[in-house]
Amino acid sequence: MSLTDYIIDILLILVIFRQVRPRHLTLHAVVLPLVLVAIAGVIYLRPITLRGNDLVLIVLLAILGVALGLVSGLADKVWRDERGRLIYRVGVVSVVAWILGMGFRFGFAYYAYHSGAGAVARFSASHQITGAGIWTTALVAMAFGQVLARLAVLQARRGHGERQLLSTGPLAIGPYARGRAR
């Protein structure tokens, strides 16, 4: 593993800890995780030829990533502050789900590049997985799934919260106010 591998993996693990403190739930909240997975995609994804069970591995790890991302996003706490702004904060379940996914990827990559290279090669051969490039693609798909699912849940919750505020909240003004005093 290169220094870049370590940096990206550690940043993807640590990004969740930025959200332990309450933060505004805005579209801006998605920028850093999206930038990190985009960088990972540029660095790690290369053209591949699928054979054997390569696609199965990629799909299974992507589904696992999506499931962990959904758990993480649904476990986040979302509320309104005194000014009616949407605020969110990660909780213990969200952090654990995030670390399980991102930590698994990091741990597997470290294992595969070091003491576990032979075991990964034997597993790959016996399960018709055709090489390291497929593992890389599958692990990146897992990270993409986790990040995108979590962000989608948070943005859906943000959208729901904004619609709810516009229709019922004390700050409803303009065309959505429908007769409320301004």
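The values are calculated or read from the model by the stated rules, or taken from the named source; none is laboratory data. Only a predicted model underlies this, so the values are computations on that prediction, with no experimental measurement involved. Every residue, glycine among them, receives a Cβ derived from its backbone with ideal geometry; neighbour counts consider all protein chains shown.
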For this session: Sort through Arg85, Arg51 and tell me the only one that's touching a His at 6+ places or on another chain (Cβ under 8 Å) and among the charged types (D, E, K, R).
Result: Arg85
For this session: Please indicate, with yes or no, whether at least one residue in region 98-111 is surrounded by fewer than 13 Cβ atoms within 10 Å (Cβ to Cβ) and closer than 17 Å to Met142 by Cα.
Result: yes
Exercise. Looking at (1) more than 21 Å from Gly107 (Cα to Cα); (2) in contact (Cβ under 8 Å) with a residue 40 or more places away in the chain; (3) surrounded by fewer than 19 Cβ atoms within 10 Å (Cβ to Cβ), which is the one condition that is false for Gly73?
Worked result: (3)
Problem set entry | Residue in region 79-91 that is closer than 20 Å to Thr136 by Cβ and of a type in the set (Lys, Arg) present | no
Exercise. Of these, Val78, Val30, which one is touching a strand residue (DSSP E or B) at 6+ places or on another chain (Cβ under 8 Å) and within 17 Å of Arg158 (Cα to Cα)?
Worked result: Val78
Problem set entry | Candidates Val31, Val42 - the one that is part of a helix (DSSP H, G or I) and more than 14 Å from Leu151 (Cα to Cα) | Val42
Seminar exercise, completed: Given (1) farther than 22 Å from Val93 by Cβ; (2) touching a Gly at 6+ places or on another chain (Cβ under 9 Å); (3) outside any loop (DSSP other than H, G, I, E, B), Gly69 misses just (1)
For this session: Would you point out which residue out of Arg122, Arg23, Arg89, Arg80 is over 21 Å from Ala149 (Cα atoms), surrounded by 15 or more Cβ atoms within 10 Å (Cβ to Cβ) and basic (Lys, Arg)?
Result: Arg80
Exercise. For region 10-28, how many residues are part of a loop (DSSP other than H, G, I, E, B) and modelled with pLDDT of 85 or more?
Worked result: 3
